[in-house]
Amino acid sequence: MKNLISIIIPVIEQMEDSHIKSQLLSYFPKQDEQFKIIESSFTALTSTEQKKETLYSFFHSWSQTNNSAVTVAGLSNRMTMLIHKNKPVVSEYDLFRSVASLNRIVDEDLAVVGRVLHSKLFYTMATNISGNDTWLTKKYLCPEAKAFKDWKDKNSLRNKDIMIGLLTTLVHEIYTHGEVEFILPKFDQWLRATTDMSDQEIQHSLAWIEVHCGPTEKDHFFHAVNAVASYSKAQNIDITEYDLEEIITDYLRLKSEVMGVLENQLAESALAS
């Protein structure tokens, strides 16, 4: 079965040669330990039937690591605000192209195309699997998940340098492509083995994962790549001055801390049975 890095790297390799491509190919493989922790957490979740309380914690905290539509839309707002406030921009045309690329990342999430908000698809998945929507209760948010979301919101949306937000978005999109492709077969086999759901019910429950598989998240990644390139032109930025090591390292360290805690909860629940 494929692991996360084996899903992520081939997509990066499809990029045209560039500074960003070299950085991604250099730093992602160095996060092997973090990838193993994340993979192990999903393997533990889908290895057996889980208690409701454990599922509540897993889905609530996990959800905080993959919701990005609002921050991407907010980053787009920051760009258009430059024009609204008459801030100097080298090329308004390229600024618009960057905004347009960001908007293509969130089309599906916001139901601009398709008929269902992706947040509703996640709600359906978590609620169907855990049996009810108690997982929404904030008491199931672990501190590590809050720390991840706080960091990502700050880096993606509130950093003074818009380019940092764009690069963080790019890293998030390629990682997420790997995650959904990695977990779909695991979740499908898990539900078939531990529930009496029909094929149709399983497909309905896993729609949030499935809709992000295939070209969806991969396309989102390339839209993020285009957003970076266009914004560089819009503001005459030398992208080679940016090093992605800190963004990639922090992203996967914080993500793996969340998933490691959730795996520990799964293990504690199993011992208590």
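The lone criterion from (1) farther than 22 Å from A224 by Cβ; (2) hydrophobic (A, V, I, L, M, F, W, C); (3) in contact (Cβ under 8 Å) with a residue 40 or more places away in the chain left unmet by A193 is number (3). For segment 143-172, name all the residues that are surrounded by fewer than 23 Cβ atoms within 10 Å (Cβ to Cβ), among the charged types (D, E, K, R) and within 26 Å of I7 (Cα to Cα). Hits for segment 143-172 are E144, K149, D153. Here I174 does not qualify as assigned to a helix (DSSP H, G or I), of a type in the set (A, V, I, L, M) and either over 21 Å from E257 (Cα atoms) or at pLDDT below 95 (or both). All of T137, T194, T124 fail the test of being closer than 25 Å to T48 by Cα and open to solvent by 50 Å² or more (accessible area, probe 1.4 Å), apart from T137.
Can you tell me which residues in segment 184-203 are in contact with a Leu (Cβ under 9 Å, 6 or more places away or on another chain) and closer than 16 Å to T124 by Cβ?
To start, the set of residues in segment 184-203 that are in contact with a Leu (Cβ under 9 Å, 6 or more places away or on another chain) comprises 184, 186-188, 190-191, 197, 201-202.
Residues satisfying the conditions are L184, F187, D188, L191, M197, E201, I202.
I'd like to know if segment 129-144 contains one or more residues that are in a helix (DSSP H, G or I), under 23 Å from V11 (Cα atoms), in contact with a helix residue (DSSP H, G or I) (Cβ under 8 Å, 6 or more places away or on another chain) and free of Cβ contacts under 8 Å to residues at least 60 places away in the same chain.
Checked against the condition, which is being in a helix (DSSP H, G or I), under 23 Å from V11 (Cα atoms), in contact with a helix residue (DSSP H, G or I) (Cβ under 8 Å, 6 or more places away or on another chain) and free of Cβ contacts under 8 Å to residues at least 60 places away in the same chain, segment 129-144 yields no hits at all.
The values are calculated or read from the model by the stated rules, or taken from the named source; none is laboratory data. Small disclaimer: the values here were computed from a predicted structure and weren't measured. Using ideal geometry, Cβ is built from the backbone for each residue, glycine included, and neighbour counts are taken over all protein chains shown. These area figures cover heavy atoms from the full protein model, side chains too; ligands, DNA and RNA do not enter into them. Shrake-Rupley method; radii C 1.70, N 1.55, O 1.52, S 1.80 Å.
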